[in-house]
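The values are calculated or read from the model by the stated rules, or taken from the named source; none is laboratory data. Bear in mind that the values here come from a model prediction, so they are computed numbers and not experimental data. Every residue, glycine as well, gets a Cβ built from its backbone with ideal geometry; the counts of neighbours run over all protein chains shown.
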Amino acid sequence: MPFADVPDGIRIFYEEHGAGEPVLLLMGTGADHSFWEPQIAAYAARHRTIVIDSRGTGQSSRPDDPATCTAASMARDALGVLDHLGIERAHLCGLSLGSAIAQEIAIDAPERLLSLSLHGTWGRSDEWFIRAIDTLEEPARQGDMRRYLYWALMWVLSPRFLAEQPGAVAEIERSYLLENPHPPTGAGIMGHTHADKLHDTLDRLGSIGARTLVTAGEMDWLVPPRYGREVARRIPGARYHLFRGDHASHCACVEMADEWNRVTLAFLAGEDVGEIVGARAHDASEDG
């Protein structure tokens, strides 16, 4: 089994696919590497693609204390995997909590990035966002994973997907809980929600110098586009792309995988994607 022993006494499970310039994909709250399945083949056709189970999920270490799980500590985990693999620089792509982790890496270890892609992202957990996350944390606190998933799917999937694709929704539920050999736990979820609620890089984003793409989905209820646009505005030269349509949810990478892959891979290939909304470097310094 491919594991990397990283700082803090944590062991991280990873998989590698394909060849070429390396890409590290970081998934969001409570989800293991398998949630990148709609991306892996497309990405691996062009890149050495690395997916991991973040601490608290899958086959990676699951600390008992949720407070040990922060975007910064998970950033150290991710860098530890790159070190283990002997990768000096990689394209870094994060979704949701994975994007918070990616922000920390981009700020604290800019020399490790070929580019930065932030999907379903935010820069500071405000009161509205914290309350949204609380709806996920409470069933996890009670150890009720079915109820946790019930609410989570409402937040991250589109109304149309939930209404019109019950078979696909049922398959997500089976693979996440019933047929998962390494199912989520309440403690693992609470570690991730702890990291979600503490995340705050807003006043540090202006220091990011990597070529950056920020994407959002217009039907994303959990991390509405206003958050992503503000992140893009704070990062000098960042580009912003809004996925549109009934399936442009927090999980647009699943619901509209072909378009999501096309856009994000075009960015990795060096193409101009979306609009430039990022501030000039001197403007960003004035913001924070």
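From the list 105, 87, 52, 40, the one residue that fits, being β-branched (Val, Ile, Thr) and under 24 Å from residue 236 (Cα atoms), is 105. Do we find a residue being under 12 Å from residue 137 (Cβ atoms) and among the hydroxyl-bearing types (Ser, Thr, Tyr) anywhere in region 204-223? Checking region 204-223: not a single residue is under 12 Å from residue 137 (Cβ atoms) and among the hydroxyl-bearing types (Ser, Thr, Tyr).
Every condition in (1) under 22 Å from residue 53 (Cα atoms); (2) surrounded by 13 or more Cβ atoms within 10 Å (Cβ to Cβ); (3) of a type in the set (Asp, Glu) holds for residue 179 except the one numbered (2). Could you list, in sequence order, all residues of region 28-46 that are crowded, with 23+ Cβ neighbours inside 10 Å and either touching a Pro at 6+ places or on another chain (Cβ under 9 Å) or among the basic types (Lys, Arg) (or both)? Matches in region 28-46: 30, 31, 32.
Condition check ((1) in a helix (DSSP H, G or I); (2) at pLDDT below 95) across all residues:
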residue: 46; (1), (2): no, no
residue: 64; (1), (2): no, yes
residue: 75; (1), (2): yes, no
residue: 80; (1), (2): yes, no
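Taking the criterion of being surrounded by fewer than 24 Cβ atoms within 10 Å (Cβ to Cβ) and either closer than 18 Å to residue 31 by Cα or free of Cβ contacts under 8 Å to residues at least 60 places away in the same chain (or both), the residues of region 90-126 that qualify are 108, 109, 111, 112, 126.
Here residue 60 meets each of (1) on the phi < 0 side of the Ramachandran plot; (2) part of a loop (DSSP other than H, G, I, E, B); (3) crowded, with 23+ Cβ neighbours inside 10 Å; (4) out of contact with any strand residue (DSSP E or B) (no Cβ under 7 Å at 6 or more places or on another chain) with one exception, condition (4).
Looking at residue 221, is it assigned to a loop (DSSP other than H, G, I, E, B), farther than 29 Å from residue 269 by Cβ, at pLDDT 95 or above and of a type in the set (Phe, Trp, Tyr)? Answer is yes for this residue. Taking the numbered list (1) surrounded by fewer than 17 Cβ atoms within 10 Å (Cβ to Cβ); (2) within 16 Å of residue 136 (Cα to Cα); (3) touching an Asp or Glu at 6+ places or on another chain (Cβ under 8 Å) in turn, residue 185 passes all entries but (3). For region 98-133, residues that are part of a helix (DSSP H, G or I) and in contact with a helix residue (DSSP H, G or I) (Cβ under 6 Å, 6 or more places away or on another chain) total 7. Considering region 188-215, and only residues there that are touching a Gly at 6+ places or on another chain (Cβ under 6 Å) and more than 30 Å from residue 271 (Cα to Cα), the residue that is surrounded by the most Cβ atoms within 10 Å (Cβ to Cβ) turns out to be 191.
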